[in-house]
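A.B. asks: Before I ask anything, here is the structure I am working with.
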Amino acid sequence: MPPSATPKPVPRRPYWQPRELILVGAFAALTKVAGVVIALAGGGMNPMSLALKNATATILLVVLLLKAPKFGVLTLYVVSQSIFSLLLLGGSLMLLPGLLPAGILCDQLIRGLGGYQRVWAVLVGVGVFDLLSKAIALGFSFLAFREDPRLFIMPAIFIGLGYLGSLLGLAGGLKFVKELRHAGLIRA
Amino acid sequence: MPASSAPSPVLASLAGGREVRARMLICLVTSLVVVWLKSPLALGWLAAWATALALSTTPLRLLAKVYALAAALFLLSLGCGWLQAQWSPALRQSGWTVFLTPFLRVAVLLGLTLSVALGARPTELLAALKGLRLPLFIHLPLVVMIRLVPSLISDLRQIADSLRLKGVRLNPLSLLASPLLTSRLLFAPLVFRVLRSAEELAVAAELKGLGQGARPSAWRGARAGWRDGLLLGLALAVLVGSFWLETGAPAARAW
């Protein structure tokens, strides 16, 4: 290089790498497909398939957060799923303003508890996120059934069952993570 | 495909195939409007329009199956409501229209969803998403979602076939009898496959320079045309009609 030539500035490395973004998209797609398959295999949304669907979604979220351990992955996952549902599955825009702060809060919680390398921090973060998202779903159900609040009891039971499934999913996630770690797919 | 189950050609010329972004926008706005609307008349009007839109893109047989399922759910909710009404006299007085409103909200969203999800090929959806000019960290996961869903379904079929060869049956009974074992047999191999696919996709994306300033390109253009304008204008007219039915129409007072 001639002495007069100025060196080219090194481009700044973006925060999000394609590897993480692709993982987020892949797990979001898997969660959607798993939900549909469980509903079909269960012969509709009976209490068992409802709990199982939520358990599977929680397990997949735990695996994702340990596979792509970076601040904001949970929020990005929530945003991607919400936009996908919003644009292609007729999901409501009203859930997004609630889910977005819930995602950011739980990302902060995981970071505060020691980071994404700690399995317990991830489990607590996902547990709190599930609780918040179910509370938001309850609020939305109340809006949809506001003509007669007594009808609200049915969605409340369904959402409660869903949260029970999510709690089961936390235990399942812990077990599954051990297997993935044994297989060398997760380093946490 | 038999001729009877194909979408109507007249409606398809108006709404089918291309106006993905317009239909996404309609889906978005209507999902908000249906929460606000309360009158069964206004919601019924919107549901009829959503069904017409769905007819333009969805085979008649599939549409009939989906609507039959929704009607079955409505009847189920009526049955549950009747049971609840045995203990609640106030609920008995409010009548069956109380159950009709939430059902019509679902029916509107169902029709619109079918018109978007089944009305476009993955390449058209990707082009439409690109046209929205979302940042890469939102655009890329969405593209991966759309691209991976068909391959995940094919992977699931292969896993189900291999389970059948081993004598494991996948049906509601097996799911109820041993839910953990069945879901584990089904989803554990799928997670491994997804991790492998994501790794391969990530290598391909990095080799193409994604994340280093390069933007993903689309094979199809995403330019809005007169069809988008026509469909959006029609949607606006229908929404105004639904507001009139909700508040101003003489028939609205009867509900």
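A.B. asks: Out of all the residues in segment A:17-33, which are buried (at least 20 other Cβ atoms within 10 Å of the Cβ), touching a residue at least 24 places away in the same chain (Cβ under 8 Å) and within 12 Å of residue B:206 (Cα to Cα)?
C.D. replies: Across segment A:17-33, the qualifying residues are A:20, A:21.
A.B. asks: Taking helices (runs of 4 or more DSSP H) that fall entirely within segment B:1-87, which contain at least 3 residues that are at pLDDT 75 or above and at the interface with another protein chain (Cβ under 10 Å from one of its Cβ atoms)?
C.D. replies: The qualifying helices (runs of 4 or more DSSP H) are B:20-36.
A.B. asks: Looking at (1) within 9 Å of chain A (Cβ to nearest Cβ); (2) within 25 Å of residue A:61 (Cα to Cα); (3) not aliphatic (A, V, I, L, M), find the lone condition where residue B:171 falls short.
C.D. replies: Going through (1) within 9 Å of chain A (Cβ to nearest Cβ); (2) within 25 Å of residue A:61 (Cα to Cα); (3) not aliphatic (A, V, I, L, M) one by one, residue B:171 breaks only (2).
A.B. asks: Tell me which of these residue B:184 doesn't satisfy, since it passes every other one: (1) in contact with a Phe, Trp or Tyr (Cβ under 8 Å, 6 or more places away or on another chain); (2) without any contact (Cβ under 8 Å) to a residue 24 or more places away in the chain.
C.D. replies: (1)
A.B. asks: In segment A:47-76, what residues are more than 8 Å from chain B (Cβ to nearest Cβ) and free of Cβ contacts under 8 Å to residues at least 60 places away in the same chain?
C.D. replies: A:64, A:68, A:70, A:71, A:72, A:73, A:74, A:75, listed by residue number.
A.B. asks: Suppose the filter is more than 8 Å from chain A (Cβ to nearest Cβ), part of a helix (DSSP H, G or I), within 24 Å of residue A:169 (Cα to Cα) and not β-branched (Val, Ile, Thr); does residue B:184 pass it?
C.D. replies: Yes: the conditions hold for residue B:184.
A.B. asks: Let me ask another. For residue B:157, all conditions in the list (1) buried (at least 18 other Cβ atoms within 10 Å of the Cβ); (2) more than 16 Å from the chain's Cα centre (by Cα); (3) farther than 22 Å from residue A:22 by Cβ; (4) at pLDDT 70 or above hold save one; what is the number of the exception?
C.D. replies: It fails just one condition, (1).
A.B. asks: In contact (Cβ under 8 Å) with a residue 60 or more places away in the chain and more than 19 Å from the chain's Cα centre (by Cα) - does that describe any residue in segment B:102-116?
C.D. replies: No, segment B:102-116 contains no residue that is in contact (Cβ under 8 Å) with a residue 60 or more places away in the chain and more than 19 Å from the chain's Cα centre (by Cα).
The values are calculated or read from the model by the stated rules, or taken from the named source; none is laboratory data. The structure presented is a predicted model; accordingly, all values stated were derived computationally and were not measured. Backbone-built Cβ (ideal geometry, glycine too); neighbour counts: all protein chains shown.
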